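Take a look at the structure below.
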């Protein structure tokens, strides 16, 4: 497990005084890299980010801790689970603000994917995370394939039916 903690400063905030989502994504990418490179002993790159839900806002002045663990390994890829916690140091309030999963790939000196060490599952939590990652991977693959098949069957009648109850106006030229 790798943890990075950072103070949220005013330059990280949007006009509403909350921390920009992009700042948080950048921090999440850093901790994912740290966990993946520590496990693999190599330079790693981000290849995908699964859903990032912003559960609660983070305020200027709060401490944000990003906890990353390797949840799954393939041949060259690793799924890094990230939990983001914010802490108001004045009140002691702690909030779980985000959970996300980054897929990282280890690269060798020639910038080619390299084999990573297997993951040692030491307790039931490790096993659960590994199995959940397998399910997420399979669901992602099924979703991609399903969407590919849906797109094959698109036609204007189906599109018009789908859009009939949506908040949009079609202004097609040609």
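The values are calculated or read from the model by the stated rules, or taken from the named source; none is laboratory data. The model shown is predicted, which means the values in this text are computed figures rather than measured ones. For neighbour counting, all protein chains shown are included, and Cβ atoms are generated from backbone atoms with ideal geometry for every residue, glycine included.
Condition test on residue 51, is it assigned to a loop (DSSP other than H, G, I, E, B), assigned by TED's automatic domain parsing to the domain that holds residue 22 and under 19 Å from residue 29 (Cα atoms)?
So residue 51 passes the test.
I'd like to know if segment 18-28 contains one or more residues that are in contact with a strand residue (DSSP E or B) (Cβ under 7 Å, 6 or more places away or on another chain), within 21 Å of residue 133 (Cα to Cα) and modelled with pLDDT under 95.
No, the conditions are met nowhere in segment 18-28.
For segment 16-36, give me each residue that is free of Cβ contacts under 8 Å to residues at least 12 places away in the same chain and more than 16 Å from residue 62 (Cβ to Cβ).
Within segment 16-36, 22, 26 meet the criteria.
Among the residues of segment 98-148, what is the count of those that are closer than 30 Å to residue 64 by Cβ and in contact (Cβ under 8 Å) with a residue 60 or more places away in the chain?
17
Could you please give the count of residues in segment 55-76 that are touching a helix residue (DSSP H, G or I) at 6+ places or on another chain (Cβ under 8 Å) and loosely packed, with under 15 Cβ neighbours inside 10 Å?
1
Inside segment 1-15, can you point out the residues that are surrounded by fewer than 16 Cβ atoms within 10 Å (Cβ to Cβ), touching a residue at least 40 places away in the same chain (Cβ under 8 Å) and in a loop (DSSP other than H, G, I, E, B)?
Matches in segment 1-15: 1, 9.
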